[in-house]
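A.B. asks: Questions regarding the structure given below will be posed in turn.
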Amino acid sequence: MKKIIWIKHASQLATLASGKQGPRAKTDMSELGIIEDGSLWIENGIIQAVGTTKELEITYGERTEEADIVDASGHLVTPGLVDPHTHVVYGGSREREFEMRLEGATYMDIMNAGGGIHATTRMTRAASEAELIEQATRRLDSFLAHGVTTVEGKSGYGMNLETELKQLRVMKKLQETHPIDVVPTFMGAHAVPLEYKGQEDAFIDYLIDEVLPVVMEEKLAIFNDVFCEKGVFTPEQSERMLEAGKRVGLIPKIHADEIESYGGAELAAKVGAISAEHLLKASEEGIQAMAKAGTIACLLPATALYLREEAAAGRRMIDEGVPVAISTDCNPGSSPTTSMPLVMNLACISMRLTPAEALTAATYNAACAIKSEEKVGSLEIGKQGDVVLWDVKNYQELQYVFGVNHVKSVWKKGVQVVGEATC
């Protein structure tokens, strides 16, 4: 039986509760549900009460001796962060490409030379399951240390049946063994493997006819993602892949308009994608279509920074009514980071989100982007006890002092996984 956790006297308890269903847009993204002198009671890993410390003392005062009490005086308390877009399971690393970019090579230059996704594909195909688990575990440990308690993970560094299944099986094992919840996405259409170069339609056929059925038979994924980009997959090929996934029960996502405006945002709205990712070059028409469809924009400011590109138009998207989430895009080529706090800072600095909007984008809206909002993303009765105690006094300071990990303690399902023992 798990210990009872009673967090008391938080200077700000940002619950992210609003009473509204679904992802938040426009001014709703600024509603943090803040309780001053806030308190949480977590029992059997589930939040049982949320309110002021005085309110919870009235209800639970006679049970004080049953609980591990956490004095959060002077600290901000929030839900565990949710990272809705990662490539956390992969083999090897690509630090040489960082130098190549600084020497002038573009993303597509590196990829066309056999680097980029192709390089990681070679290393991932060669790695054993045990090696991938060991490497991914280190990354998940780092995510936890930065306050992340739930991540989405994509396959896509296999692009053949054997390795796609290997990546997804590793995610399934990590979900069973690691404190972090790992939500799996099948992304066989991440790039065109070298053995299918010039045969993109045949590769889509292969994924649909030979890989998707096994992924579904083993229940290895919830979402289906595709890289819709000039030189990768056309909107027509991407639509065919996403519609095939829908027919077998996978929820569509799409890497859209990262390098060029290519109709990806419009396609996301057309196929009913839960989210569209990247969107650096999304058209005004695409943004309007996403707002109308309720498609979540999953924005990746650390990737734009790493590639030295202008960040996505997060401010405009929010103002136009698009719900926005943010993510690290943890991957070996364009964003080798696990720091969601840094991503929140960058969302404010490079995309002009307010501190409140950035926190919503990294918690509740991020949970909505991976269909997990019923369990995580806010501090509400009945949800998992996924909680972060920050070494700052309010949510504004969390974004104001940037490039610093302010995490003091983290609880996952009511169990402390980061920080000193409670007192």
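Every residue, every condition in (1) over 30 Å from Val50 (Cβ atoms); (2) open to solvent by less than 30 Å² (accessible area, probe 1.4 Å); (3) part of a helix (DSSP H, G or I), yes or no:
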| site | (1), (2), (3) |
| --- | --- |
| Val77 | no, yes, no |
| Val88 | yes, yes, no |
| Gly91 | yes, yes, no |
| Phe98 | yes, no, yes |
| Gly104 | yes, no, no |
| Met111 | yes, yes, yes |
| Gly115 | yes, yes, no |
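A.B. asks: Would you mention how many residues in the range 225-256 are touching an Asp or Glu at 6+ places or on another chain (Cβ under 6 Å) and within 19 Å of Val215 (Cα to Cα)?
C.D. replies: Counting residues in the range 225-256 that are touching an Asp or Glu at 6+ places or on another chain (Cβ under 6 Å) and within 19 Å of Val215 (Cα to Cα) gives 1.
A.B. asks: Further, regarding this structure: Are there helices (runs of 4 or more DSSP H) fully within the range 124-233 with at least 3 residues that are among the basic types (Lys, Arg) and open to solvent by 10 Å² or more (accessible area, probe 1.4 Å)? List them.
C.D. replies: Numbers: elements: 129-145, 161-177, 200-206, 212-217.
In the range 124-233, the matching helices (runs of 4 or more DSSP H) lie at 161-177.
A.B. asks: I would also like to ask the following. Is it the case that the range 106-126 has a residue that's over 18 Å from Ala191 (Cβ atoms) and not polar (S, T, N, Q)?
C.D. replies: Applying the first criterion (over 18 Å from Ala191 (Cβ atoms)) to the range 106-126 yields none.
No; the residues of the range 106-126 include none that is over 18 Å from Ala191 (Cβ atoms) and not polar (S, T, N, Q).
A.B. asks: Exactly one condition in (1) assigned to a loop (DSSP other than H, G, I, E, B); (2) over 27 Å from Glu176 (Cβ atoms) is false for Ser378; which is it?
C.D. replies: (2) is the only condition that Ser378 fails.
A.B. asks: Can you confirm whether Ala244 is under 23 Å from Ala136 (Cα atoms), open to solvent by less than 40 Å² (accessible area, probe 1.4 Å) and over 19 Å from the mean Cα position of the chain (by Cα)? Lay out the reasoning, then the answer.
C.D. replies: Working: under 23 Å from Ala136 (Cα atoms): no; open to solvent by less than 40 Å² (accessible area, probe 1.4 Å): yes; over 19 Å from the mean Cα position of the chain (by Cα): yes.
It is false that Ala244 is under 23 Å from Ala136 (Cα atoms), open to solvent by less than 40 Å² (accessible area, probe 1.4 Å) and over 19 Å from the mean Cα position of the chain (by Cα).
The rows are residues; the columns are (1) part of a strand (DSSP E or B); (2) open to solvent by 10 Å² or more (accessible area, probe 1.4 Å).
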{"residue": "Ala325", "(1), (2)": "yes, no"}
{"residue": "Gly333", "(1), (2)": "no, no"}
{"residue": "Thr338", "(1), (2)": "no, yes"}
{"residue": "Val343", "(1), (2)": "no, no"}
{"residue": "Ile349", "(1), (2)": "no, yes"}
{"residue": "Ala358", "(1), (2)": "no, no"}
{"residue": "Cys368", "(1), (2)": "no, no"}
{"residue": "Lys371", "(1), (2)": "no, yes"}
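A.B. asks: A further question on this structure: Looking only at the range 392-408, how many residues end up being open to solvent by 60 Å² or more (accessible area, probe 1.4 Å) and closer than 14 Å to Ala14 by Cα?
C.D. replies: 2
A.B. asks: Say we look at the range 315-333 and pick out the residues that are of a type in the set (S, T, N, Q) and in contact with an Asp or Glu (Cβ under 9 Å, 6 or more places away or on another chain); which of these is farthest from Glu277 (Cα to Cα)? Give the steps one after another, and end with the answer.
C.D. replies: Going through the range 315-333, the residues of a type in the set (S, T, N, Q) turn out to be 327-328, 331.
Narrowing the set further to residues that are in contact with an Asp or Glu (Cβ under 9 Å, 6 or more places away or on another chain) leaves 327-328.
Working: Ser327: 9, Thr328: 11 Å.
Only one residue tops the list, namely Thr328.
A.B. asks: Here is a further query. Testing Lys166 on (1) among the basic types (Lys, Arg); (2) within 18 Å of Gly92 (Cα to Cα); (3) in contact with a strand residue (DSSP E or B) (Cβ under 8 Å, 6 or more places away or on another chain), one condition comes back false. Which one is that?
C.D. replies: Here Lys166 clears every test but (3).
A.B. asks: Quick one: Pro235 ticks every box in (1) in contact (Cβ under 8 Å) with a residue 40 or more places away in the chain; (2) closer than 27 Å to Asp319 by Cβ except a single one, so which number is it?
C.D. replies: Looking at each condition in turn, Pro235 falls short on (1).
A.B. asks: Of everything in the range 1-43, what is assigned to a loop (DSSP other than H, G, I, E, B), more than 17 Å from Gly80 (Cβ to Cβ), open to solvent by 30 Å² or more (accessible area, probe 1.4 Å) and at pLDDT 95 or above? Give them in sequence order.
C.D. replies: Start the filter on the range 1-43 by keeping residues that are assigned to a loop (DSSP other than H, G, I, E, B), which leaves 1-3, 11, 15-25, 31-33, 36-37.
Next, only the ones that are more than 17 Å from Gly80 (Cβ to Cβ) stay: 1, 3, 11, 18-25, 31, 36-37.
Cutting the leftovers down to open to solvent by 30 Å² or more (accessible area, probe 1.4 Å) gives us 1, 3, 11, 18-21, 23, 31, 36-37.
Passing the criteria: Ser11, Pro23, Glu31, Glu36, Asp37.
The values are calculated or read from the model by the stated rules, or taken from the named source; none is laboratory data. In this text the structure is predicted, and so the values were computed from the model without any measurement. Every residue, glycine among them, receives a Cβ derived from its backbone with ideal geometry; neighbour counts consider all protein chains shown. Just so you know, the surface numbers come from the protein's heavy atoms only, side chains and all, with ligands and any DNA or RNA stripped out. Shrake-Rupley method; radii C 1.70, N 1.55, O 1.52, S 1.80 Å.
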